[in-house]
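Have a look at the structure below, then the notes.
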Amino acid sequence: MTQAIRAEGLVKKYGDVTALDGIDLAVPEGTVLGLLGPNGAGKTTAVRIFATLLRADAGFAEVGGIDVRKHPDQVRRIIGLTGQYAGVDEYLTGRENLKMVGSLYHLRPEAVKKRASELLERFDLVDAADRPLNTYSGGMRRRLDLAASLVARPSIIFLDEPTTGLDPRSRLELWSVIEELVRDGATVLLTTQYLDEADQLANNIVVIDHGRVIAEGSADELKDQVGGDRVEIVVQDVAQLGAAQEALALLASGAATSDSDRRSVTVPVSGGTGTMLDALRSLDAAGVKLEDIALRRPTLDDVFLSLTGHAAEDEGATSSPSSPSKSRRKGNA
Ligand SMILES: Nc1ncnc2c1ncn2[C@@H]1O[C@H](COP(=O)(O)OP(=O)(O)O)[C@@H](O)[C@H]1O
Ligand SMILES: [Mg+2]
């Protein structure tokens, strides 16, 4: 399989701060990689190196088979980049912004005009096309940002926290746009602190923390690392907790845990939905009265917590947010 993006042993230091401490990753053509990590993990630094805005201190990176250090100008021609880099002008309209990007790429004016209209249509910005950007909502602005990165039809796209700060509806809209890009054959490297976003969009996930890769795999593979499905029950009468635990032990694939405050028992299982039926039969035979029963898949939150000992969206006391363009976030819907 051809790798559209590849890095080996990337290291980047800012003075005393080691932002990247030897990152390896590879993104096969036509797939989405979710680079997942909390604030300060090194996501933006990695993206900036791939996008040739920053030089690594050590290691190797290539995009579309081109060495980012040797041929940055060639790399820039084949990538699209959106995120924490002010590339658009507040006072220009959406359409003017897209045209400006086109002229930076030295595209013919007629071609740019056509492309701008196409993108405005696709990103549902036709009505707002001729209004200045400072009247846009947060969601519209992100869509325009993404549209701007697509003017020159890049096949490899870097999205740095594309939905951070957006309201739920705008997030979903952006997700569907990204899914569409991938359906059209693009390769995407997406950074995010949101596990559900990586779960939804990424074929593969690389989890980084403190500039190091701490896990990688598909969402399912990562969830399997924490353990498979669990059956979770809540009994009506706390006195039946022991009986419930015994009944469930028959089908459990590991140790059960119970919580008397919640009147709940949780057991790991390996049999999928069929196990629910077995659990109900077994509990019924033991005369246990249930308030609730559920089959729960571990979430990526469980994964992150078990890997790092802290939640993914926990900003931590030592890391500082490093977005240079907070001012562009104003006007979030
Ligand atoms: N220009 C800079 N100067 C000094 N430290 C920086 C700079 N940019 C980022 N850092 C630090 O490098 C680390 C990684 O930052 P960054 O790549 O922005 O992480 P993320 O995008 O995952 O939040 C953080 O500790 C951050 O504070
Ligand atoms: Mg960042």
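The table below gives the values:
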item	result
Two-site FRET efficiency, residue 90 against residue 1, from Cβ-Cβ distance with R₀ of 45 Å, rounded to 0.05	0.60
Derived scalar couplings ³J(HN,Hα) [region 188-198; Karplus, 6.51 cos²θ - 1.76 cosθ + 1.60; whole Hz; x for Gly, Pro]	10, 10, 10, 9, 7, 9, 9, 5, 5, 5, 5
Under the Karplus curve 6.51 cos²θ - 1.76 cosθ + 1.60, θ = phi - 60°, whole-Hz ³J(HN,Hα) for region 158-168, x wherever Gly or Pro sits	10, 10, 9, 6, x, 10, 4, x, 8, 6, x
Longest DSSP-loop-exposure-free segment, trypsin sites (Lys or Arg not before Pro), the chain, at most 16 other Cβ within 10 Å	71-261
Most fluctuating residue given options 160, 127, 145, as computed from a GNM of the chain linking Cα atoms under 10 Å	127
Estimated [θ] at 222 nm from DSSP helical runs (n ≥ 4, -39500 (n - 2.57)) normalised by residues in the chain, nearest 500	-10000 deg cm²/dmol
Per-residue Cβ neighbour rank within 10 angstrom, fewest leading, 66, 79	66, 79
Likely footprinting exposure, 261, 196, fewest C-beta neighbours within 10 Å first	261, 196
Label-point separation, residue 261 to residue 113 (7 Å along Cα→Cβ), nm	6.7
Projected label distance in nm at residue 214 and residue 291, using a 7 Å step from Cα toward the beta-carbon	3.4
Per-residue ³J(HN,Hα) for region 43-56, Karplus 6.51 cos²θ - 1.76 cosθ + 1.60, θ = phi - 60°, Hz, x for Gly and Pro	5, 5, 4, 4, 4, 5, 5, 4, 7, 6, 8, 8, 9, 6
Region 106-120 residues near the modelled residue 71 label - backbone nitrogen below 14 Å, point 7 Å along Cα→Cβ	none
Span from the region 149-190 Cα centroid across to the region 60-132 one, whole angstrom	13
DSSP-defined beta bridges in the chain - what % are antiparallel, rounded to 5	65
Set of aspartates and glutamates with alpha-carbon distance to residue 289 below 18 Å, sequence-local pairs under 8 removed	232, 237, 246, 259, 261, 278
Among 203, 47, 32 - extreme Cα towards positive end, dipole of region 3-224, charges at beta-carbon	47
Gain on full stretching of the segment that runs from residue 57 to residue 277 - 0.36 nm per residue minus C-alpha separation	73.5 nm
5 angstrom amide H check on residue 212, placed H, neighbours 5+ away	21
Three principal axis lengths of the chain [C-alpha, angstrom, descending]	77, 47, 40
Placed amide H near residue 57: partners under 5 Å, 5+ positions off or other chain	11, 12, 13
Under-5 Å amide H pairs with residue 32, H placed in peptide plane, nonlocal only	188, 203, 204
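Every read-out reported here was derived from the displayed coordinates using simple, explicitly stated rules and does not represent laboratory data. Keep in mind that what you see is a predicted model, and the values were worked out from it rather than measured. A quick note on method: Cβ atoms are made from the backbone with ideal geometry, for glycine too, and the neighbour counts reach across all protein chains shown.
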